[in-house]
Amino acid sequence: MIEIFSYGCILVGVVFWFWGTWPLLGKRSVLFKLHSLSVADTLGSMAIVIGLLLRIPSEWPLLLLGLISLAIWNTVLGYVLAYCSLQEARHDG
């Protein structure tokens, strides 16, 4: 049962990865595209790590560190991108 749930988490993660790339083909702003991509990538990566955690519970410290790193890194990266785009908008205007 845990193996099926593990594969389900990994599959959900891969679906999130592909779902996040879909808005890149649209005509919206670059910031919307980056936001969609980063959120879907973060959720997908976290789902995959959770799936791995269920499959290899002996590696829980390393996988937990990976989950925490994903959450912090992608959140900080989002703020940095927003700040940089704000600075760029001030210089253009």
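Which of the residues belonging to the range 19-65 are within 13 Å of the chain's Cα centre (by Cα) and polar (S, T, N, Q)?
Residues satisfying the conditions are Thr21, Ser36, Ser38, Thr42, Ser45.
Could you list all residues from the range 41-75 that are of a type in the set (A, V, I, L, M, F, W, C) and within 22 Å of Trp19 (Cα to Cα)?
Leu43, Met46, Ala47, Ile48, Val49, Ile50, Leu52, Leu67, Leu70, Ala71, Ile72, Trp73
Can you list the helices (runs of 4 or more DSSP H) lying wholly within the chain that have 3 or more residues being in contact with a Pro (Cβ under 7 Å, 6 or more places away or on another chain), surrounded by 10 or more Cβ atoms within 10 Å (Cβ to Cβ) and of a type in the set (Ser, Thr, Tyr)?
none
Since every read-out is calculated from the coordinates, none of them should be taken as a lab result. Since the model is a prediction, treat every value here as computed from it, not as a measurement. Don't worry about glycine lacking a Cβ; one is built from the backbone with ideal geometry, like all the others, and counts go over all protein chains shown.
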